[in-house]
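Engineer: Here's a structure for you.
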Amino acid sequence: LSNNSFSGSIPRELTELVNLIDINLSDNRFHGSISTGLFQLSVLISLQLANNFLSGGLPPFLSASSSLITLSLGGNGFAGPLPDFSLWNVSFTKLALNNNNFTGSIPDSISTLTTLEAIILNDNQLTGSIPAAIFNMTNLKYLYLANNNLSSKLPSDISRLGKLE
């Protein structure tokens, strides 16, 4: 259902489709916030809502029953600080929150998402330094942090990310 002109809010009735594995509503005209029920679909592997007009914040926690491995929310109007990722009991391989209005620092807790292969946080308003713990994420292949307000020196620990492409 991506790349259409669907508009309005994302139907809450999607949360009743308990066997959904992949939701891709990217590149539409949806607005409003995301129902927390979408994050609680136990077999959902991929939630792609990029390039809409969604807003609000991210949920403070994700359930242990979550099967999500891909979360793509780039190109929306999400704002505020990034959550404490240690409360997200998920096994993401891709976290794409680029082109939003996230502020504050990248929390150290992002390193608790140990299965991440891609962290895509470019084009936000993030500040501070890159958490040192990121350089212990040995599965990481992609680290996109461009066009933020990050500062400090690039640590020599970056060499530990041997899988970066």
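Engineer: Given the condition farther than 25 Å from LEU44 by Cα, hydroxyl-bearing (Ser, Thr, Tyr) and open to solvent by 60 Å² or more (accessible area, probe 1.4 Å), answer yes or no: does some residue in the stretch 145-154 qualify? Give the steps one after another, and end with the answer.
Structural biologist: Let us first name the residues in the stretch 145-154 that are farther than 25 Å from LEU44 by Cα, namely 145-154.
Then drop every residue that is not hydroxyl-bearing (Ser, Thr, Tyr), which leaves 151-152.
Filter again for open to solvent by 60 Å² or more (accessible area, probe 1.4 Å), leaving 151-152.
Yes: one or more hits.
Engineer: Can you say whether ILE69 is open to solvent by 50 Å² or more (accessible area, probe 1.4 Å) and either out of contact with any His (no Cβ under 6 Å at 6 or more places or on another chain) or over 22 Å from LEU25 (Cβ atoms) (or both), as far as the supplied structure shows?
Structural biologist: Numbers: open to solvent by 50 Å² or more (accessible area, probe 1.4 Å): yes; either out of contact with any His (no Cβ under 6 Å at 6 or more places or on another chain) or over 22 Å from LEU25 (Cβ atoms) (or both): yes.
Here the answer is yes, as ILE69 does meet what is asked.
Engineer: Further, regarding this structure: Of everything in the stretch 95-112 that's in contact with a strand residue (DSSP E or B) (Cβ under 7 Å, 6 or more places away or on another chain) and of a type in the set (Ser, Thr, Tyr), which residue is most open to solvent (accessible area, probe 1.4 Å)?
Structural biologist: Restricting to residues being in contact with a strand residue (DSSP E or B) (Cβ under 7 Å, 6 or more places away or on another chain) and of a type in the set (Ser, Thr, Tyr), the top hit is SER105.
Engineer: Within the set of pairs 6 or more residues apart or between chains, which connect a residue that is on the phi > 0 side of the Ramachandran plot inside the stretch 50-61 to a residue that is surrounded by 17 or more Cβ atoms within 10 Å (Cβ to Cβ) and part of a loop (DSSP other than H, G, I, E, B) with Cβ atoms less than 8 Å apart?
Structural biologist: Sorted first by the residue in the stretch 50-61, then by its partner, the pairs are ASN51/SER26; ASN51/ASP27; ASN51/ASN28; ASN51/GLY74; ASN51/GLY75; ASN51/ASN76; GLY56/ILE34.
Engineer: Right, next: So which residues in the stretch 2-29 are open to solvent by less than 90 Å² (accessible area, probe 1.4 Å) and outside any loop (DSSP other than H, G, I, E, B), if there are any at all?
Structural biologist: Those that are open to solvent by less than 90 Å² (accessible area, probe 1.4 Å) and outside any loop (DSSP other than H, G, I, E, B): SER7, GLY8, LEU14, THR15, ASP22, ILE23, ASN24.
The values are calculated or read from the model by the stated rules, or taken from the named source; none is laboratory data. Keep in mind the model is a prediction, meaning the values are calculated, not measured. For neighbour counting, all protein chains shown are included, and Cβ atoms are generated from backbone atoms with ideal geometry for every residue, glycine included. Heads up: the accessible areas ignore ligands, DNA and RNA and are worked out on the full protein's heavy atoms, side chains in. Shrake-Rupley method; radii C 1.70, N 1.55, O 1.52, S 1.80 Å.
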